[in-house]
Amino acid sequence: MNMKYPSIVFLLFLVGCGAIDPKTQPTYFSGTIVNPTSDFITLHREEELIDTAFLDQYGRFSLRLESLDEGLYHFDHPPEYNYVYLQKGDSIHIRINTVSFDESLVFSGRGSELNNFILEMFLTNERESYSIEKNYVLDPEPFHQLIETIRADKLSMLSDLQKEVTLSERAVSMVAANIDYNLYVHKEKYPFFHENSPKVKDFPQEFFDYRKNIERNNRDLSHFRPYFQFMKFHLGNMAYEACNEQCGEIPAPEKPLHFNLHKLNIIDSLVEDRLLKDQLMRQLALQYWVKSQDSEARITQFHQVFSPYLKENRYASELNEVYQSILSLQPNRQVLPLPVVNHQGDLTNLQKLASDRKVVLYFWSSKYEGMLFRIQQKVAELQKKWPEYQFIGISPDQDAAQWSATIQEYDMQPELQYRSIHPEDLQNRLIWDNAFKSVVLENGKIVNGFANLQTSFQKQ
């Protein structure tokens, strides 16, 4: 927003004998993005796209919102995002340098005080999280006191803010929840990370007192990271506690499936808000299918139990696709014939690439140069240790010239580099979920569909 003539701007908000109530005015959300990574910014409420603004040549954007419900929104500038709390009549300007997205973010204008406070809480939480985790070695009582002391200090800061700025009840509730859930998640983690941790029933009574007051169906916070992270750990703990009380000793191979079925039941029984339930079930299924690397039989069993819940789940289509992709990556399955092109522009597919040899597929993008350097270092190391395998790089880059330039810049072997025709398939069908993801193939068949360049190639 241009504030060159603040007195004139102020006068525009005055009529007759008094000032216009800001709550009757449009809401403005504008900003400047330094070193933009895309040419637009989007504003969302939960999963709903509210509006899109394109950046001008100076990285500036502006949105005018005529109708707006008070609450927490998030703005996305791919691949980054952050939050903004908006009320009717706010006029908020942001400034961001994408080189350090969260740390450089600053709010100004009407409504900025609350948002700068929320941002400072977020950055403080990130900084102190490591030091809190180091204190998991404490016994339950002193750890409880540590958390309560930090909480009291932050609530005192919120009280000071309320003395300076008029905040709605809804805003105060959201900020207090941010403080609470960022700290309570450490109490939920503590029993699993504390060495020789006592059973939950043996903890001091006050340790878990907060559970009596938590909201398991807070729609306003369903998309807020601290709340969602807390709910994941909290419901996981409840599933673990229920299993300990009811099930006795579970054979190790059965534990991932057994535990996740418990958690599925806990989510279904305790979470009523439809959006939050859908999100938690989605996270549970993805975490189990992708991370557990369980047997095909148990993966299928989970899907059979999970299927009735999918009928009403807004992520049903995505989850069914992921399930099919997981099955296609099981050992001895033929690798999918996803089309790729080589450095000369010739079309082929993954089946042909691995039809008569041992291959490791790894993935990279020229958009993430820092990570690319680490990936190539690791690949060079593994090529020496595992000469019987060809390490073939697959990229989602659609700009052929940029892709070729990156291959030359990083001194890759061009004959071992391919570019995906359908990058979304690379992501979804091969479950490219982390930078070091790889797929091990022999004669066109899957050996390990969930290999990792850093951990899966250790010489015996």
Can we say residue 226 is out of contact with any helix residue (DSSP H, G or I) (no Cβ under 7 Å at 6 or more places or on another chain) and in a helix (DSSP H, G or I)?
no
Would you mind telling me which numbered condition in (1) over 22 Å from residue 279 (Cα atoms); (2) charged (D, E, K, R); (3) not in a helix (DSSP H, G or I) residue 215 fails?
(1)
Here are some conditions: (1) modelled with pLDDT under 90; (2) surrounded by 13 or more Cβ atoms within 10 Å (Cβ to Cβ). Residue 249 meets all but one. Which one does it not meet?
(2)
If only one of 250, 266 is assigned to a helix (DSSP H, G or I) and among the aliphatic types (A, V, I, L, M), which one is it?
266
Is it the case that some residue within the stretch 300-316 is surrounded by 15 or more Cβ atoms within 10 Å (Cβ to Cβ), without any contact (Cβ under 8 Å) to a residue 60 or more places away in the chain and outside the structural domain of residue 259 (by TED's automatic domain parsing)?
no
Output the residues belonging to the stretch 119-139 that are under 21 Å from residue 208 (Cβ atoms) and either in contact with a Ser or Thr (Cβ under 8 Å, 6 or more places away or on another chain) or among the acidic types (Asp, Glu) (or both).
133, 139
Among the numbered criteria (1) in contact with a His (Cβ under 7 Å, 6 or more places away or on another chain); (2) on the phi < 0 side of the Ramachandran plot, which single criterion is violated by residue 61?
(1)
When the residues of the stretch 389-442 are narrowed to those that are among the charged types (D, E, K, R) and assigned to a strand (DSSP E or B), which ends up surrounded by the fewest Cβ atoms within 10 Å (Cβ to Cβ)?
442
Evaluate the following for residue 171: is it at pLDDT 85 or above, surrounded by 15 or more Cβ atoms within 10 Å (Cβ to Cβ), assigned to a helix (DSSP H, G or I) and out of contact with any strand residue (DSSP E or B) (no Cβ under 9 Å at 6 or more places or on another chain)?
no
Return yes or no: is residue 165 in the same structural domain as residue 233 (by TED's automatic domain parsing) and modelled with pLDDT of 90 or more?
yes
Test: residue 397 is under 27 Å from the mean Cα position of the chain (by Cα) and modelled with pLDDT of 90 or more:
yes
Could you list all residues from the stretch 117-156 that are surrounded by 12 or more Cβ atoms within 10 Å (Cβ to Cβ), over 28 Å from the mean Cα position of the chain (by Cα) and of a type in the set (A, V, I, L, M)?
138
Would you check if there is a residue in the stretch 365-372 being outside any loop (DSSP other than H, G, I, E, B), in contact with a helix residue (DSSP H, G or I) (Cβ under 9 Å, 6 or more places away or on another chain) and over 29 Å from residue 296 (Cβ atoms)?
yes
Within the stretch 321-338, the residues that are closer than 21 Å to residue 397 by Cα and surrounded by fewer than 14 Cβ atoms within 10 Å (Cβ to Cβ) are 337
Kindly indicate which of 278, 294 is in a loop (DSSP other than H, G, I, E, B) and surrounded by 15 or more Cβ atoms within 10 Å (Cβ to Cβ).
294
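The values are calculated or read from the model by the stated rules, or taken from the named source; none is laboratory data. Since the structure is predicted, the reported quantities are computational estimates derived from the model, not experimental observations. We place every Cβ from the backbone using ideal geometry, glycine too, and count neighbours over all the protein chains shown.
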